[in-house]
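Here the structure comes first, spelled out in structure tokens, and everything after it is commentary.
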Amino acid sequence: MRRDHLICRSRVLQALRRFFLQRDFIEVETPVRIPAPALELHIDAELSGDAYLRTSPELHMKRLLAGGMERIYQMGPCFRRGERGRIHHPEYTMLEWYRAHADYEDILRDTRALLPELCMAVVGDTHFTYLGRRIDVGEPWHEMSVRDLFMREAGWDPIADFDADRFDLDLVNKIEPILPGDRPVILRDYPAKVAALARLSPADHAVAERWELYLGGMELANAYSELVDAVEQRHRFEVCAEQRRAAGRAVYPLDEAFLAALPCMPPSGGIALGVDRLVMLLSGAESIEDVLACCV
Amino acid sequence: MYSASDLRKGLRIEIDGSPYIVTEFRFNKPGKGQAIYNCKLKNMLTGSTMSKSYRSNDKMDKPALSERPLVYSYEDSGQYVFMDENYEQLELTAEVLGDMRLFLEEDMKVDVLFYNGAPVGVTLPTFVVKVIEFTEPGARGNTATNVLKPATVTGGYEVNVPIFINQGDTIRIDTRTGEYSERVATA
């Protein structure tokens with residue numbers, strides 16, 4: 001804990017709320033302790049009695065979209081079992097926002113407005129120095145496709161010949177280390193297999209409408225054009241449950257309330273952004289533990 | 001067996017029949033992807049190093065390593081004789097001891113590391129005190145600590161010392177690095 005980091009954190013939270021208030025987003029709070037976390041192959045939920053702590057508020061927020069809310073956001077704690085490192089902590093703060101009648105391009109426009117505005121509010125400019133490196137969040141941003149980057153840096157096409165093991169290993173060891181650190185990087189159009197809750201591209205069903213934001217070499221946010229096809233979503237959950245069972249990992253029940261609501265959800269775009277990492281960048285903290293009020 | 005989530009700095013694992021110690025460790029996990037555990041590893045037998053990435057499902061063998069406190073007795077034609085608390089003798093070769101053999105003194109307490117029952121290394125007290133047996137005289141009045149010159153200490157170990165150290169001086173050596181630490185007494 002450091003006082004200046006916590007002051008920065010408080011400023012970031014205020015600036016984020018101001019940004020969404022100005023754009024007529026409604027702040028919501030959905031349950032933290034839930035019976036059915038989203039099934040993802042590599043995200044493990046913490047048990048809490050006979051329920052789980054949420055790994056993301058995504059499924060509950062989508063139920064609100066199905067209920068007719070059009071612009072919503074939430075900031076709050078999420079929990080992921082076993083994730084601890086320089087930029088990981090098992091309990092962390094996530095910001096998610098969703099827009100109905102929109103897709104991942106609309107969310108990208110929001111994000112391109114959000115970072116410079118937030119940066120101005122917190123550090124008084126659109127650039128700052130992080131661990132000795134100058135980062136400018138103003139335009140132009142770097143945009144690159146997952147396919148192009150893998151072809152160039154790893155020598156294979158993850159869209160045409162998807163290989164899950166190789167994908168994660170090359171992403172961490174070959175792609176992330178060479179991403180430019182001077183401006184935000186948008187890595188877009190992921191293989192369909194690594195986007196459990198995203199819509200597939202109408203032009204190419206091997207590609208999911210998903211992008212990731214990297215800032216200062218850190219993965220900061222993940223955005224989707226949301227999948228609203230309940231049949232397809234149930235199928236993906238079931239495949240994932242089977243993979244988790246085969247790998248000897250906990251299998252969570254399907255969120256039937258979410259699946260029942262999904263047919264009423266309009267086409268939407270959504271995003272999850274790691275608030276702690278944002279605070280790290282803006283306060284110059286080297287480790288995520290430095291921006292937490294208390295470490296447990 | 002260890003699993004990837006046990007990995008941390010200082011953990012000892014076995015790879016292809018050799019014990020390795022994790023000297024650097026980095027946890028990586030793309031939000032939607034699997035955890036990647038990047039390690040720098042040092043072979044505990046040869047000292048050679050390598051980098052290796054583990055994935056969450058990977059398992060590592062636990063090396064059959066153990067440590068025993070022993071007391072050094074004497075050297076007999078290249079064999080270094082140690083004793084345990086029951087006065088049982090154990091002989092270590094110069095090859096296993098490496099430079100550490102030059103720091104040994106009678107009755108020194110050490111920890112000997114065994115791999116599959118065979119001694120593979122030794123940990124000495126962090127600091128040993130030695131007398132300078134030979135070094136060229138330094139320029140008079142030069143008390144700089146960043147200029148070094150070679151010296152030979154009792155036992156035959158060669159170490160770089162600051163220019164102001166003279167023959168007959170007593171110094172402390174850090175056995176972890178083998179480097180000069182400080183002067184204890186002047187001749």
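The values are calculated or read from the model by the stated rules, or taken from the named source; none is laboratory data. Just so it is clear, the structure is predicted and the values come from calculations on it, not from any experiment. Heads up, the Cβs are rebuilt from the backbone with ideal geometry, glycines too, and the neighbour counts pull from every protein chain shown. Side chains included, ligands, DNA and RNA excluded: accessible areas come from the protein's heavy atoms. Shrake-Rupley method; radii C 1.70, N 1.55, O 1.52, S 1.80 Å.
Across region B:39-49, the qualifying residues are those that are at pLDDT 95 or above and crowded, with 18+ Cβ neighbours inside 10 Å, and the one among them that is farthest from A:Asp44 (Cα to Cα) is B:Leu41.
Considering only residues that are under 30 Å from A:Ala100 (Cβ atoms) and within 14 Å of chain B (Cβ to nearest Cβ), look in region A:246-277 and name the one that is surrounded by the most Cβ atoms within 10 Å (Cβ to Cβ).
At the first step, the residues of region A:246-277 found to be under 30 Å from A:Ala100 (Cβ atoms) are A:252-277.
Filter once more, so that each one left must be within 14 Å of chain B (Cβ to nearest Cβ): A:270-277.
Working: A:Gly270: 26, A:Ile271: 23, A:Ala272: 20, A:Leu273: 22, A:Gly274: 24, A:Val275: 19, A:Asp276: 22, A:Arg277: 22.
Looking at residues that are under 30 Å from A:Ala100 (Cβ atoms) and within 14 Å of chain B (Cβ to nearest Cβ), I get A:Gly270.
Report the residue count in region A:79-88 for those that are within 11 Å of another protein chain (Cβ to nearest Cβ), part of a strand (DSSP E or B) and at pLDDT 95 or above. Result for region A:79-88: 1.
Restricted to strands (runs of 3 or more DSSP E) entirely inside region B:6-86, those with at least 3 residues that are assigned by TED's automatic domain parsing to the domain that holds B:Glu105 are B:65-76, B:79-83.
Within region A:198-213, being touching a helix residue (DSSP H, G or I) at 6+ places or on another chain (Cβ under 8 Å) and either assigned to a helix (DSSP H, G or I) or under 30 Å from A:Phe128 (Cβ atoms) (or both) holds for A:Arg210, A:Trp211, A:Leu213.
Per the listing B:Lys32, B:Lys52, the residue uniquely surrounded by fewer than 18 Cβ atoms within 10 Å (Cβ to Cβ) and either out of contact with any Leu (no Cβ under 6 Å at 6 or more places or on another chain) or farther than 19 Å from B:Tyr115 by Cβ (or both) is B:Lys52. Restricting A:Gln243, A:Gln233 to those that are farther than 19 Å from A:Cys78 by Cα, in contact (Cβ under 8 Å) with a residue 12 or more places away in the chain and open to solvent by 10 Å² or more (accessible area, probe 1.4 Å) reduces the list to A:Gln243. One residue alone among A:Glu96, A:Glu91, A:Glu40 is of a type in the set (Asp, Glu), in contact (Cβ under 8 Å) with a residue 24 or more places away in the chain and open to solvent by 30 Å² or more (accessible area, probe 1.4 Å), and that residue is A:Glu91. Being over 19 Å from the mean Cα position of the chain (by Cα), under 30 Å from A:Ile135 (Cβ atoms) and hydroxyl-bearing (Ser, Thr, Tyr) is a condition met by no residue of region A:251-272. Can you tell me which residue in region A:186-197 is most open to solvent (accessible area, probe 1.4 Å), limited to those that are among the hydrophobic types (A, V, I, L, M, F, W, C), more than 8 Å from every other protein chain (Cβ to nearest Cβ) and within 20 Å of A:Asp157 (Cα to Cα)? The qualifying residue most open to solvent (accessible area, probe 1.4 Å) is A:Ala192. Can you confirm whether region A:148-156 contains a residue that is within 13 Å of chain B (Cβ to nearest Cβ) and under 21 Å from A:Ala221 (Cβ atoms)? No, that holds for no residue.
Taking (1) over 19 Å from the mean Cα position of the chain (by Cα); (2) more than 14 Å from chain A (Cβ to nearest Cβ); (3) at negative phi in turn, B:Ala4 satisfies each apart from (2). Here A:Arg54 fulfils each of the conditions (1) under 21 Å from A:Arg245 (Cα atoms); (2) surrounded by fewer than 21 Cβ atoms within 10 Å (Cβ to Cβ) apart from (2). Scanning region B:1-26 for residues that are open to solvent by 20 Å² or more (accessible area, probe 1.4 Å), within 21 Å of A:Ala45 (Cα to Cα) and modelled with pLDDT of 90 or more returns B:Ser3, B:Asp6.
Among the residues here, A:Gly49 does not qualify as on the phi > 0 side of the Ramachandran plot, surrounded by fewer than 20 Cβ atoms within 10 Å (Cβ to Cβ) and touching a helix residue (DSSP H, G or I) at 6+ places or on another chain (Cβ under 6 Å). Would you point out the residue of region A:170-183, among those that are facing another protein chain (nearest Cβ under 9 Å) and touching a Gly at 6+ places or on another chain (Cβ under 9 Å), that is nearest to A:His205 (Cα to Cα)? Of everything passing the filter in region A:170-183, A:Leu171 is nearest to A:His205 (Cα to Cα). As a summary of the residue check, A:Asp168 satisfies the conditions (1) modelled with pLDDT of 95 or more; (2) surrounded by 21 or more Cβ atoms within 10 Å (Cβ to Cβ) except for the one numbered (1).
Residue-by-condition table, conditions (1) modelled with pLDDT of 90 or more; (2) under 19 Å from the mean Cα position of the chain (by Cα):
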residue: B:Lys109; (1), (2): yes, yes
residue: B:Gly121; (1), (2): no, yes
residue: B:Arg140; (1), (2): no, no
residue: B:Gly155; (1), (2): no, yes
residue: B:Asn160; (1), (2): yes, yes
residue: B:Arg176; (1), (2): no, yes
residue: B:Ser181; (1), (2): yes, yes
residue: B:Ala185; (1), (2): yes, no
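Cβ-Cβ distances below 8 Å connect the following pairs, each with a first residue in region A:207-221 that is within 10 Å of another protein chain (Cβ to nearest Cβ) and under 14 Å from A:Leu108 (Cα atoms), a second residue that is open to solvent by less than 10 Å² (accessible area, probe 1.4 Å) and of a type in the set (Ser, Thr, Tyr), and a separation of six or more residues or different chains: A:Arg210/A:Tyr190; A:Arg210/A:Tyr224; A:Arg210/A:Ser225; A:Glu212/A:Tyr190; A:Leu220/A:Tyr214; A:Ala221/A:Thr111. Hey, does region A:58-72 have a residue that's open to solvent by less than 50 Å² (accessible area, probe 1.4 Å) and either at pLDDT below 95 or within 14 Å of chain B (Cβ to nearest Cβ) (or both)? Among the residues of region A:58-72, at least one is open to solvent by less than 50 Å² (accessible area, probe 1.4 Å) and either at pLDDT below 95 or within 14 Å of chain B (Cβ to nearest Cβ) (or both), which makes the answer yes.
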